[in-house]
Amino acid sequence: MTVPASPSVTDVPVPDVPMPDVVVYAADRPDTFLPTVVDLRRQLAGARVVVAVAPGADVSSYAGSDVELVTVNTPAEVLNRIRPAWALLVIGGPVLVPPAALDNARELLDGDARVATVSFWSNAAGPLSFPHWQTPASHHLGNALDETEVTRRLRAASPDLGVVPIPRAAGSAVLIGADALAIVGEFVPHDRVEITLADFSLRCQGHGLRNALDPTTFFSRPIDLADAATSDLNEAEQAWLRSTHPVAAAAALTAPAGDAPLSMAFGVSRAKVTGLRLAIDASTLGPTETGTQVQTLALIDALAQRPDVASVGVALGGPIPPYAERVLHQRKVRASWCTSDDFTPLGAVDVVHRPFQPDRPLDIAGWRQTAHRTVLTIQDLIYYEVGAYHDSPDNWERVRASVRQAVRDVDAVVAIARDVAVQIRDERLSIDPDRVFVVENGTDHLSGDETAHLPPVLSRNGVAAAPFVLVLGTNYGHKNRHLAMAAVDLLRAEGVGVELVMAGPTVPRGSTRIAESRVALRSSTAAHVLPDVTSQERNWLLRHAALVLYPTSAEGFGLVPYEAARFGTPTVHVSFGPLAEVAPDLPVSAAGWSPRHLADACRSLLLDPDLRAAQLAAVLRAADTYTWERTADLLVRTYRTALAEPQR
């Protein structure tokens, strides 16, 4: 049988984009390629499709159709007859073709004339078998997802992997550029398409051309159409390649190293389709719930809600505290006690993430026993920069060295505000700016409807019935609780009748104890100090305070104003750094940290209901933008981007 004359140009509509000539090498099993041919005619309308069969093959199923048939002895026989204007798509196995199958492959060919061949992911494609590395599968995802959905997920999720160089062409569908055909010449005759294309692609490499993977497209090869196990080179074919291309074939027939582009593309693509496997260091989840614990749990919760996250392993340093039970008992979450930096009880994961900064050396090499990539969050550099928070110069330097080491060794660093990223740069910490990702905290972990309990001590001393200003947080020096005491003293002296409640854990060093005592000695106002409060007591304080005073002068993000706003309570603070970055349009902020400036801002909000409402509205606008859902989305993008780059 010979190739019939091609239809005239008027018979075929001219496509808007260049179309390939397509050769389907069906050999002696043309019936199994019927679904492929139907798909090609639908997905690549306007392309010329030639079906090549072996002599004597039964082509009765094609009778009555306008399919172009040709009888050949080897794939090279038909491939050498066709010289396409743009590209040649060679189909060597019965595959199902996804919509817009060549859209990204077309960009790869047209974007770089050196790209000779473009291969694709498939459930049975030898070194391009997906999602089971180097392992052909009867169906790619247990019948859960078809080639259309897999391709959609590969294309919808970031990052864009661009050109992924591979040693040789592989799989049942390979696109070959017309320029490569002109440079390399004819195909060498072989019995099977796989060896024909492998040999051609290695000859392309010898001319300085590139073989590429399109990591956004999946061709499904159902097992009921052909034996998936025959989809790559057999031993004899591999031996022939090694003798013909002694150097190039050695790399082409060896599994790529972990830092090879193909390995990284596989990891990212698998995460896009089947979901990320994560391990979160939650060793700070102890008996006390402060800002770090709130942030860590909100992050775990938001990640577990995402369909593109397959699992969230949580490394604990002890038993699950009561405040963490709801989050850690979700279906996707698996919490386990882990010693030090050994996360092996959580199993193999894509990314291990410590969502808070180190206070000791981290065993990053140990993390890599479990995870492909490592991520560290720097919430702030306060502990790094303030010597007063350490008991000796040596211990301070040990902490600083731990931060420098961790930032240097992990694969990506997350900064919870642009201001923190600037501080990382200012401190000259050793990390490429491209590996620093700004992922702001969420602010919606509290709704304002949570259960609240009155702290018993306030009931006993009668403060519960009086208007009070609340200061929430530890007594670290940068929290400036002594300034809040002095500001409330000024308010009371000027006839504004408010009490002062200060709630938060005390710290062993670097506190404002002495400064607070100085104010107390000169003041007629007694501050009601609650060394620690439960979550429910914190909710009561935020709901019933007349105002929250937040005189902090150093923060990584600063959650307090947004937590208070959820309960209908406005906050006064100085607008600096991350507080100015996240909520830049506040009607009222203190002009500075002097007690006078703080008192003036407090009076404005305490005495003007309209201004109070405007302050709340401005904070809630910012809070509605910075959600934990947004945080999780940015983090997932960060994780996949880290997977797409080499390890540090």
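The values are calculated or read from the model by the stated rules, or taken from the named source; none is laboratory data. Because the structure is predicted, anything quoted here is derived from the model rather than measured. Virtual Cβ from ideal backbone geometry, glycine too; neighbours counted across all protein chains shown. Heads up: the accessible areas ignore ligands, DNA and RNA and are worked out on the full protein's heavy atoms, side chains in. Shrake-Rupley method; radii C 1.70, N 1.55, O 1.52, S 1.80 Å.
Within the range 57-115, work out how many residues are of a type in the set (A, V, I, L, M, F, W, C) and more than 37 Å from the chain's Cα centre (by Cα).
Total meeting the criteria: 12.
List pairs: first in the range 247-259 and modelled with pLDDT under 90, second open to solvent by 60 Å² or more (accessible area, probe 1.4 Å) and of a type outside the set (Phe, Trp, Tyr), Cβ under 9 Å, 6+ apart or cross-chain?
That search, which allows pairs on different chains as well, returns Ala255/Gln134; Gly258/His372; Gly258/Gln647; Asp259/Gln647.
Which of the residues belonging to the range 562-578 are among the small types (Gly, Ala, Ser) and buried (at least 18 other Cβ atoms within 10 Å of the Cβ)?
Residues satisfying the conditions are Ala564, Ala565, Gly577.
Among what's in the range 589-613 and is in a loop (DSSP other than H, G, I, E, B) and in contact with a strand residue (DSSP E or B) (Cβ under 7 Å, 6 or more places away or on another chain), pick the residue that is nearest to Leu547 (Cα to Cα).
Ser589
Restricting to the range 39-92, and then to whatever is polar (S, T, N, Q) and part of a loop (DSSP other than H, G, I, E, B), can you tell me which residue is nearest to Tyr25 (Cα to Cα)? So that I can check it myself, show each step before the final result.
From the range 39-92, those polar (S, T, N, Q) are 43, 60-61, 65, 71, 73-74, 80; that's our starting set.
From what is left, the residues that are part of a loop (DSSP other than H, G, I, E, B) are 65, 73-74, 80.
Numbers: Ser65: 18, Asn73: 11, Thr74: 9, Asn80: 13 Å.
Among residues in the range 39-92 that are polar (S, T, N, Q) and part of a loop (DSSP other than H, G, I, E, B), the one nearest to Tyr25 (Cα to Cα) is Thr74.
Within the bounds of the range 360-381, is there any residue that is of a type in the set (Ser, Thr, Tyr), touching a residue at least 24 places away in the same chain (Cβ under 8 Å) and open to solvent by 20 Å² or more (accessible area, probe 1.4 Å)?
Within the range 360-381, not a single residue is of a type in the set (Ser, Thr, Tyr), touching a residue at least 24 places away in the same chain (Cβ under 8 Å) and open to solvent by 20 Å² or more (accessible area, probe 1.4 Å).
Specify the residue that is most open to solvent (accessible area, probe 1.4 Å); the eligible residues are those in the range 506-526 that are at pLDDT below 90 and not in a helix (DSSP H, G or I).
Per the criteria, the residue is Ser524.
Answer yes if at least one residue in the range 72-87 is closer than 15 Å to Ala173 by Cα, touching a His at 6+ places or on another chain (Cβ under 9 Å) and open to solvent by less than 40 Å² (accessible area, probe 1.4 Å), and no otherwise.
Yes, there is a match, as at least one residue in the range 72-87 is closer than 15 Å to Ala173 by Cα, touching a His at 6+ places or on another chain (Cβ under 9 Å) and open to solvent by less than 40 Å² (accessible area, probe 1.4 Å).
Condition test on Arg481, is it in contact (Cβ under 8 Å) with a residue 24 or more places away in the chain, basic (Lys, Arg) and open to solvent by less than 30 Å² (accessible area, probe 1.4 Å)?
Here the answer is yes, as Arg481 does meet what is asked.
Could you check, for the range 488-496, whether at least one of its residues is crowded, with 20+ Cβ neighbours inside 10 Å, of a type in the set (A, V, I, L, M, F, W, C) and touching a Leu at 6+ places or on another chain (Cβ under 6 Å)?
Looking for residues that are crowded, with 20+ Cβ neighbours inside 10 Å, of a type in the set (A, V, I, L, M, F, W, C) and touching a Leu at 6+ places or on another chain (Cβ under 6 Å), one finds at least one in the range 488-496, hence yes.
Determine whether Glu499 is of a type in the set (D, E, K, R), within 21 Å of Arg603 (Cβ to Cβ) and surrounded by fewer than 20 Cβ atoms within 10 Å (Cβ to Cβ).
It is false that Glu499 is of a type in the set (D, E, K, R), within 21 Å of Arg603 (Cβ to Cβ) and surrounded by fewer than 20 Cβ atoms within 10 Å (Cβ to Cβ).
Taking the criterion of being closer than 23 Å to His445 by Cβ, among the β-branched types (Val, Ile, Thr) and in contact with a helix residue (DSSP H, G or I) (Cβ under 7 Å, 6 or more places away or on another chain), would at least one residue in the range 515-527 satisfy it?
So far as the range 515-527 goes, no, none of its residues is closer than 23 Å to His445 by Cβ, among the β-branched types (Val, Ile, Thr) and in contact with a helix residue (DSSP H, G or I) (Cβ under 7 Å, 6 or more places away or on another chain).
Search the range 268-284 for residues being among the basic types (Lys, Arg) and under 12 Å from the mean Cα position of the chain (by Cα), and hand back the single one that is farthest from Val349 (Cα to Cα).
Within the range 268-284, the match that is farthest from Val349 (Cα to Cα) is Lys272.
Being in contact (Cβ under 8 Å) with a residue 12 or more places away in the chain and of a type in the set (A, V, I, L, M, F, W, C) is the filter here; which residues of the range 499-525 pass it?
Within the range 499-525, Leu500, Val501, Met502, Ala503, Val507, Ala515, Val519, Ala520 qualify.
Which one of Val17, Val37, Val23 is in contact (Cβ under 8 Å) with a residue 40 or more places away in the chain and buried (at least 19 other Cβ atoms within 10 Å of the Cβ)?
Answer to the selection: Val23.
With respect to Leu643, determine if the residue is free of Cβ contacts under 8 Å to residues at least 40 places away in the same chain, surrounded by 22 or more Cβ atoms within 10 Å (Cβ to Cβ) and in contact with a Gly (Cβ under 7 Å, 6 or more places away or on another chain).
It is false that Leu643 is free of Cβ contacts under 8 Å to residues at least 40 places away in the same chain, surrounded by 22 or more Cβ atoms within 10 Å (Cβ to Cβ) and in contact with a Gly (Cβ under 7 Å, 6 or more places away or on another chain).
Find the residue count for the range 597-648, including only residues that are of a type outside the set (A, V, I, L, M, F, W, C), closer than 23 Å to Thr552 by Cα and touching a helix residue (DSSP H, G or I) at 6+ places or on another chain (Cβ under 7 Å).
5
Quick one: how many residues across the range 406-423 are in contact with a Pro (Cβ under 6 Å, 6 or more places away or on another chain) and either without any contact (Cβ under 8 Å) to a residue 12 or more places away in the chain or open to solvent by 10 Å² or more (accessible area, probe 1.4 Å) (or both)?
Residues meeting the conditions: 1.
Residues checked against (1) under 35 Å from the mean Cα position of the chain (by Cα); (2) within 22 Å of Tyr383 (Cα to Cα):
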position	(1), (2)
Arg543	no, no
Pro570	yes, no
His573	yes, yes
Asp600	no, no
Ser604	no, no
Leu607	no, no
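Considering Arg106, Arg42, which residue is crowded, with 17+ Cβ neighbours inside 10 Å and out of contact with any Ser or Thr (no Cβ under 8 Å at 6 or more places or on another chain)?
Answer to the check: Arg106.
Tell me which residues, restricted to the range 421-459, are under 23 Å from Glu289 (Cα atoms), within 21 Å of the chain's Cα centre (by Cα) and not in a loop (DSSP other than H, G, I, E, B). Break it down into steps so the answer makes sense when it comes.
Pass one, the range 421-459, residues under 23 Å from Glu289 (Cα atoms): 439-459.
When the remaining residues are screened for being within 21 Å of the chain's Cα centre (by Cα), the result is 439-445.
Result: no residue meets the conditions.
Can you tell me how many residues within the range 579-596 are crowded, with 18+ Cβ neighbours inside 10 Å, in contact (Cβ under 8 Å) with a residue 60 or more places away in the chain and within 21 Å of Gly497 (Cα to Cα)?
So the count comes out to 1.
Asp391 passes all but one of (1) closer than 28 Å to Thr569 by Cα; (2) part of a loop (DSSP other than H, G, I, E, B); (3) open to solvent by 30 Å² or more (accessible area, probe 1.4 Å); which number fails?
Just one mismatch for Asp391, condition (1).
Gly442 - would you say it is under 30 Å from Val273 (Cβ atoms) and open to solvent by less than 50 Å² (accessible area, probe 1.4 Å)?
Against the criterion (under 30 Å from Val273 (Cβ atoms) and open to solvent by less than 50 Å² (accessible area, probe 1.4 Å)), Gly442 qualifies.
When both residues are 6+ apart or on different chains and their Cβ atoms are under 8 Å apart, which pairs have a first residue that lies in the range 175-192 and is under 11 Å from Trp86 (Cα atoms), and a second that is loosely packed, with under 15 Cβ neighbours inside 10 Å and among the hydrophobic types (A, V, I, L, M, F, W, C)?
If the second residue must be loosely packed, with under 15 Cβ neighbours inside 10 Å and among the hydrophobic types (A, V, I, L, M, F, W, C), the pairs left are Gly177/Ala113; Ala178/Ala85; Asp179/Ala113.
Determine which single condition Ser402 fails, assuming it passes every other condition in (1) surrounded by fewer than 15 Cβ atoms within 10 Å (Cβ to Cβ); (2) within 19 Å of Thr284 (Cα to Cα).
Unmet for Ser402, out of (1) surrounded by fewer than 15 Cβ atoms within 10 Å (Cβ to Cβ); (2) within 19 Å of Thr284 (Cα to Cα): (1).
Which pairs have Cβ atoms under 8 Å, sit 6 or more apart or on different chains, and link a residue in the range 337-350 that is more than 19 Å from Leu285 (Cβ to Cβ) to one that is of a type in the set (Val, Ile, Thr)?
Once the first residue is more than 19 Å from Leu285 (Cβ to Cβ) and sits in the range 337-350, its partners that are of a type in the set (Val, Ile, Thr) give Thr344/Thr370; Gly347/Thr370; Ala348/Thr370.
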